[in-house]
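What follows is a single structure, written as structure tokens, with notes after it.
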Protein chains: 2
Amino acid sequence: MTVLTNSLTEVAQQTRQAAIQLAGASTETKNQALEAVAQALEAATPEILEANVQDCQQAKAAGIANALYARLKLDATKLKGAIAGVRSVATLEDPVGTVQLKRELDTDLVLSRVSCPLGVLGVIFEARPDAVMQIAALAMKSGNGVLLKGGQEALHSCQALVKAIHQGLSNTAVSPNVVALLTSREETLELLNLDQDVNLIIPRGSNDFVRFVQENTRIPVLGHAEGICHLYVDQAAKLDQAVEIAVDSKIQYPAACNAVETILVHDAIAPQYLPKLTAALQDNHVKVLGDAKTQAIVDVGPATETDWATEYGDLIVSIKVVASLSDAIAHINQYGSGHTDAIATEDDQAAAVFMNQVDAAGVFHNCSTRFADGFRYGFGAEVGISTQRMPPRGPVGLEGLVTYKYQLKGQGQIVATYAGSDARPFTHKDL
Amino acid sequence: MTVLTNSLTEVAQQTRQAAIQLAGASTETKNQALEAVAQALEAATPEILEANVQDCQQAKAAGIANALYARLKLDATKLKGAIAGVRSVATLEDPVGTVQLKRELDTDLVLSRVSCPLGVLGVIFEARPDAVMQIAALAMKSGNGVLLKGGQEALHSCQALVKAIHQGLSNTAVSPNVVALLTSREETLELLNLDQDVNLIIPRGSNDFVRFVQENTRIPVLGHAEGICHLYVDQAAKLDQAVEIAVDSKIQYPAACNAVETILVHDAIAPQYLPKLTAALQDNHVKVLGDAKTQAIVDVGPATETDWATEYGDLIVSIKVVASLSDAIAHINQYGSGHTDAIATEDDQAAAVFMNQVDAAGVFHNCSTRFADGFRYGFGAEVGISTQRMPPRGPVGLEGLVTYKYQLKGQGQIVATYAGSDARPFTHKDL
């Protein structure tokens, strides 16, 4: 592969050139390319599985952890699923070319704002070979080039996959150069410095890794480090429902970023609610920690200041008794990560204040925090979840991989006509 | 003012608290606050003008340049105009609370995406006291708190203005703490480090200053350094029209970021076009530089590699003869700053390729680059022009000061219901 012989900057520029062509490709062209990639992956299945066996053997010999091994392993079923995923991306709506605004500034002077690709994405992911296929498909559908850097353990698998993708694209109108694979750890750091040629970095991995990326690049980063989500159980909550929501938010998938870490309970209902809550959580093997007021009501371990700022990612939860809605909001805005926070209450006014004042990408009323997810939101594909303030925020679908440009079409108009004492007025008529 | 006694972090947190309240304010409440501010500014006019006289005298004694002095000077007419500006912001559409998406995920489980304020803005501007009023008004209307840092030369003016703004707000439902003034140079640097409390930095000043800010903060920056705009005159251009567009793009306001710096000319029409163009430009006192091919046709000075990357901001222009549309696009994508680039042509196919492949916030066909402006686009107020790839991009109105959050309202739904072998399907019905 050229990747191994060229400098990363050259690779990135090559990808950018290919992406400029792809930016103008029709939906049909892009979907044909995705189908060709799917077929090439099917044809290369034996090679890909063999490469993965090699990776798995090496990883086992190096003593890889079981969870990582499970992600690295690519069997025929998993590969088939990933190829189906490539085809499903073809069915998603094309995010490019949407006219977001169309306005006549004056006769025959028409402004349009049209969505367009970002350019080149840099995606850094762990040893999950299936991510190569998913990411390449999303990048192509959104008209972007992509530089992929997978975990070292998956090197042979990634190489075999990208080889098949290139093979598939070679017979289409889309240049194989839109997808490039980086293979060395040094290239990861170099990638973070390519401000000129890379327009968005998507890191997939541990919180520490995402934070490292955020702190070491000037390129916009799509992703999130912590997911410290809260459930506030208001004095006007239906207690049994609030138990169900709390349990689901914690145990349905405790390692997920949208799982709840701290439950805030209004002191007026704490004596009734906390025994029910802790019993239900403990029945589900959740370790419960609480502040002093919680401990005065139920028999749980102590929660300290550190707990409020901790994403357990595990069957552990901290509980704090609060005196009011505003105390709950203040706690969340201080310790939360802006991911997803929920209120359980039958008081619509309290819910409205909570949803207004809690500063998070997702503010939920009477439902589980676990709903914060691109698929559940109906986005078709999830590129990532962003906890940054600026858009795109929250679960991000394909629209997170595009931007827009203003197109202005005239017939020779100049600004001098619209300036000075005799200025011609603009019509500013939305079309 | 509290600003002088508290640490900047404390001020920022106070501003954030006030902004959280403001975020939920109705349009009416915000407009009433703007009117109260306008009235307070009117009432404080003598004090404000006196403070400005003091600033002007000190600046003159220190030998301030004429252009800067003109910006610093705030007479009764200019102040009146700025107060009218505050009132006109009240008439703009409220960017907060727009429902961007509303979708039923299942019965009684409804997702909405609603625009909301960013939080706290940090705005650093030169010695233009009128900016204080404009920025404070835009921040309030968009529901944001704002930390203002003006040039040292305008210190007394800014203090008098912010005092009046606080006075005006003190009788309204909006806390005076939504607007804070920073007064020392050290605070500018400190401001750039307030990732936790400031959500957007808007630098207004020289290209060097904007670049400094971009390179020295992790907070998102709204603005642009260079504006290197191009006009490409295609072989199918109407030559006289292309001369008019070129002249307007250069001379209508040469210091503006959307003025053209380089004109690319297709070689097929260069012999006819260049003499007309250079004559028209020289008639308007523009210094014309050209590459070797240009110099072979018209008598102009040499343009070197450096010229292609230079924003003159003055009555100077560089010309390059290119062999094709794709050479023109390649030149623009290499040397442009992604601001605004135009093509003059009667060939719609060429125009479409240009507008597709040129990577800029604005791509124009048969009109002056000088149209790239929030007011001309009909945005009412321009917060800034962004040359970054991610939205907001190009001229940014009030919508650049808001983000969005997802609100999910349920009746006790949990994710377990929608998972596993017996999963209930989502309805995903747009409402």
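Values as computed for the structure displayed
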| read-out | value |
| --- | --- |
| Residue under evaluation B:Val363, criteria (1) of a type in the set (A, V, I, L, M); (2) under 28 Å from B:Ile201 (Cβ atoms); (3) in contact with a helix residue (DSSP H, G or I) (Cβ under 6 Å, 6 or more places away or on another chain); (4) more than 7 Å from every other protein chain (Cβ to nearest Cβ), criterion not met | (4) |
| Residues (within 15 Å of A:Ala255 (Cβ to Cβ), among the aliphatic types (A, V, I, L, M) and open to solvent by 40 Å² or more (accessible area, probe 1.4 Å)) located in region A:283-315 | A:Leu315 |
| Members of region B:336-357 that are surrounded by fewer than 20 Cβ atoms within 10 Å (Cβ to Cβ) and touching a helix residue (DSSP H, G or I) at 6+ places or on another chain (Cβ under 8 Å) | B:Val353, B:Gln357 |
| Enumeration of residues in region B:402-425 that are of a type in the set (Val, Ile, Thr), outside any loop (DSSP other than H, G, I, E, B) and without any contact (Cβ under 8 Å) to a residue 40 or more places away in the chain | B:Val415, B:Thr417 |
| Single condition A:Glu399 does not satisfy, out of (1) modelled with pLDDT of 95 or more; (2) not in a loop (DSSP other than H, G, I, E, B) | (1) |
| Test: residue in region A:142-156 that is within 13 Å of another protein chain (Cβ to nearest Cβ), among the hydrophobic types (A, V, I, L, M, F, W, C) and open to solvent by less than 30 Å² (accessible area, probe 1.4 Å) | no |
| Of all residues making up region A:31-54, the number that are open to solvent by 60 Å² or more (accessible area, probe 1.4 Å) and not small (Gly, Ala, Ser) | 9 |
| Which listed residue is in a loop (DSSP other than H, G, I, E, B), touching a helix residue (DSSP H, G or I) at 6+ places or on another chain (Cβ under 9 Å), free of Cβ contacts under 8 Å to residues at least 60 places away in the same chain and among the hydrophobic types (A, V, I, L, M, F, W, C), from A:Val321, A:Val288, A:Val298 | A:Val298 |
| Hits in region A:324-357 - residues which are touching a residue at least 60 places away in the same chain (Cβ under 8 Å), of a type in the set (S, T, N, Q) and assigned to a loop (DSSP other than H, G, I, E, B) | A:Ser337, A:Thr345 |
| So B:Ala65, is it modelled with pLDDT of 95 or more, within 26 Å of the chain's Cα centre (by Cα) and over 13 Å from B:Arg128 (Cβ atoms) | no |
| Matching residues in region B:251-274 - criterion: being of a type in the set (D, E, K, R) and within 14 Å of B:Ala372 (Cβ to Cβ) | B:Glu261 |
| Residue among B:Ala59, B:Ala70 that alone is in contact with a Phe, Trp or Tyr (Cβ under 8 Å, 6 or more places away or on another chain) and hydrophobic (A, V, I, L, M, F, W, C) | B:Ala59 |
| Qualifying residues in region A:215-256 (those that are under 30 Å from A:Glu187 (Cβ atoms) and more than 14 Å from the chain's Cα centre (by Cα)) - the one farthest from the other protein chains (Cβ to nearest Cβ) | A:Ala255 |
| Residues that are within 9 Å of chain A (Cβ to nearest Cβ) and polar (S, T, N, Q), drawn from region B:381-422 | B:Gln388, B:Thr403, B:Gln407, B:Gln411, B:Gln413, B:Thr417 |
| Residue in region A:369-380 that is facing chain B (nearest Cβ under 7 Å) and assigned to a strand (DSSP E or B) present | no |
| Qualifying residue in region A:274-297 (condition: away from every other protein chain (no Cβ under 14 Å) and hydroxyl-bearing (Ser, Thr, Tyr)) | yes |
| Residue check for A:Ala360: open to solvent by less than 40 Å² (accessible area, probe 1.4 Å), assigned to a loop (DSSP other than H, G, I, E, B), modelled with pLDDT under 95 and hydrophobic (A, V, I, L, M, F, W, C) | no |
| Number of the exception - B:Asp314 against (1) outside any strand (DSSP E or B); (2) at the interface with chain A (Cβ under 10 Å from one of its Cβ atoms) | (2) |
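This table checks each residue for (1) within 13 Å of another protein chain (Cβ to nearest Cβ); (2) open to solvent by 30 Å² or more (accessible area, probe 1.4 Å).
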residue	(1), (2)
B:Val89	no, no
B:Thr98	yes, yes
B:Gly119	yes, no
B:Val132	no, no
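The values are calculated or read from the model by the stated rules, or taken from the named source; none is laboratory data. All figures in this text were calculated on a predicted structure; none of them were measured in a lab. All Cβ positions, glycine included, derive from the backbone under ideal geometry; neighbour counts span all protein chains shown. All accessible areas refer to the heavy atoms of the entire protein, side chains included, with ligands and DNA or RNA removed. Shrake-Rupley method; radii C 1.70, N 1.55, O 1.52, S 1.80 Å.
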